[in-house]
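**Student:** Before anything else, here's the structure in question.
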Amino acid sequence: MYYFIRLSVVTVISSILFIGCAAPITSGIGTSAMTQGDEFSKHLEVDNPKLAQQLKIIDVKSRKTNGLLEVNLQLNSSYKKSLKLQYHFNWFDAQGFVIESRKTPWQPVELHGFQSTSLSGLAPNEQVATFTVYVREVPEKAYRY
């Protein structure tokens, strides 16, 4: 009987550990990871540390168009495989308060190995002084709950 109880406990613990390992990827949850020490890193927010190490902004250009901040940046991947990503811009006023960021839709972008791509955004109003671009990875599989 002791053997049966011990086996049952081991089976239950193993099942719990296995289920925990199969947890879905939850994009958008986690800390903002900015690992680069360069002047452009302040503009990049990434939803997981591993992805943050693979992405870097290598150039930022901005200008005012009809009073609105227009931004063009170069996002570079240091990963050897393709990355399916989504991004959106967060806009801030001169005091650092968020301006209408949730209204900015997620945009898809795919970066192939070691590729750079241009991301562009136009501020929603004239009060915008600065920005960040938030990048998240698109999970390969869709999970059901």
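**Student:** Specify the residue that is surrounded by the fewest Cβ atoms within 10 Å (Cβ to Cβ); the eligible residues are those in segment 61-74 that are farther than 23 Å from residue 108 by Cα and free of Cβ contacts under 8 Å to residues at least 40 places away in the same chain.
**Tutor:** The selected residue is 66.
**Student:** Would you say residue 66 is closer than 13 Å to residue 133 by Cα and polar (S, T, N, Q)? Don't jump to the end; show me each part of the working.
**Tutor:** On the way: closer than 13 Å to residue 133 by Cα: no; polar (S, T, N, Q): yes.
No.
**Student:** OK, next. Every residue in segment 113-145 that is modelled with pLDDT of 95 or more and β-branched (Val, Ile, Thr), please.
**Tutor:** 117, 128, 130, 132, 133, 135
**Student:** Here's something else I'd like to know. Condition first: surrounded by 15 or more Cβ atoms within 10 Å (Cβ to Cβ) and outside any strand (DSSP E or B). Now tell me which residues in segment 116-128 satisfy that.
**Tutor:** Across segment 116-128, the qualifying residues are 123, 124, 127, 128.
**Student:** Among 82, 77, which is touching a Gly at 6+ places or on another chain (Cβ under 8 Å) and crowded, with 16+ Cβ neighbours inside 10 Å? Write out each step before concluding.
**Tutor:** Working: 82 fails: crowded, with 16+ Cβ neighbours inside 10 Å.
Just one listed residue meets the conditions, 77.
**Student:** Name every residue in segment 38-60 that is in a loop (DSSP other than H, G, I, E, B) and surrounded by 12 or more Cβ atoms within 10 Å (Cβ to Cβ), in order of residue number. Walk me through how you get there before you give the answer.
**Tutor:** As a first pass, look at segment 38-60 and keep what is in a loop (DSSP other than H, G, I, E, B): 38-40, 47-48.
Selection gives 40, 47, 48.
The values are calculated or read from the model by the stated rules, or taken from the named source; none is laboratory data. As the structure is a prediction and not an experimental result, all values here were calculated from the model. Every residue, glycine among them, receives a Cβ derived from its backbone with ideal geometry; neighbour counts consider all protein chains shown.
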